[in-house]
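Data block below; observations after.
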Amino acid sequence: MQRPEAWPRPHPGEGAMGTQAGVPTSSARASDPSGLRLQEPSLYTVKAVFILDNDGRRLLAKYYDDAFSSSKEQMIFEKNVFSKTSQTESEIAFWAGMTIVYKSSVDLFLYVVGSSQENELLLLSVLTCLFESLSHILRRNVEKRWLLENLDGAFLVLDEIVDGGVILESDPQQVVQKVNFRADDSSLAEQSVAQVLQSAKEQIKWSLLK
């Protein structure tokens with residue numbers, strides 16, 4: 001039985017794609033500066049979250065990258081964002097290479113910031129979760145007075161939603177449950193410390209009476 005002739009080996013740099021006229025090889029596409037490149041997906045979605053009052057003053061803020069490395073730069077950014085958004089009805093703004101989603105409530109403005117390529121719906125899910133979680137712990141009073149009185153709880157809410165720029169949770173019910181659990185743990189820890197101190201006082205008292 002006659003053996004079939006072997007296929008001729010392609011020269012270096014040639015392949016199935018390279019042999020087609022007008023279609024560049026993968027190496028050519030990678031080295032072509034004019035070729036379009038898709039941005040690699042990243043878990044680090046959120047660049048910043050902050051809440052301002054109706055005068056543009058910061059009440060709560062967390063930044064998750066070094067785009068604004070100093071407090072002064074952050075405050076300038078917040079002032080500019082507030083100036084751009086406080087008089088508009090939209091929920092999305094694009095400014096300084098950032099995608100910004102925001103929501104107002106009574107005398108508060110809540111903002112979530114991502115990169116210019118970030119999915120607005122993803123950022124809006126963070127904003128919605130933040131607002132609804134705060135609404136629960138503030139008993140529907142999402143306004144400056146109640147926020148300032150419950151600022152520790154507000155930071156706990158934010159930490160459950162975003163950590164280091166990564167979205168952890170977008171379900172408000174789950175966020176509230178986790179915050180309540182952490183608050184209960186903290187309360188138990190405080191009670192334990194108080195009990196230890198009380199026990200120590202009693203021991204000192206009895207030792208002095210002996």
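Computed values, structure above
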| item | result |
| --- | --- |
| Strands (runs of 3 or more DSSP E) lying entirely in the range 44-106 (those with 2 or more residues that are at pLDDT 95 or above and within 19 Å of Leu158 (Cα to Cα)) | 46-53, 58-63, 98-105 |
| Among residues of the range 124-170, those that are free of Cβ contacts under 8 Å to residues at least 40 places away in the same chain, closer than 20 Å to Asn54 by Cα and of a type in the set (Lys, Arg), counted | 2 |
| Considering residues of the range 53-106 that are among the charged types (D, E, K, R), more than 19 Å from Ser125 (Cα to Cα) and touching a helix residue (DSSP H, G or I) at 6+ places or on another chain (Cβ under 8 Å) only, the residue most open to solvent (accessible area, probe 1.4 Å) | Arg58 |
| Qualifying positions in the range 41-52 - touching a residue at least 60 places away in the same chain (Cβ under 8 Å) and loosely packed, with under 13 Cβ neighbours inside 10 Å | Leu43 |
| Listing of helices (runs of 4 or more DSSP H) fully contained in the range 116-184 that carry 1 or more residues being touching a Lys or Arg at 6+ places or on another chain (Cβ under 7 Å) and of a type in the set (Phe, Trp, Tyr) | 120-137 |
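The values are calculated or read from the model by the stated rules, or taken from the named source; none is laboratory data. Here the structure is a predicted model, which means the values were calculated and not measured. Note that we place each Cβ from the backbone using ideal geometry, even for glycine, and neighbour counts take in every protein chain shown. Note: accessible area is taken over every heavy atom of the protein model, side chains too, but ligands, DNA and RNA are not part of it. Shrake-Rupley method; radii C 1.70, N 1.55, O 1.52, S 1.80 Å.
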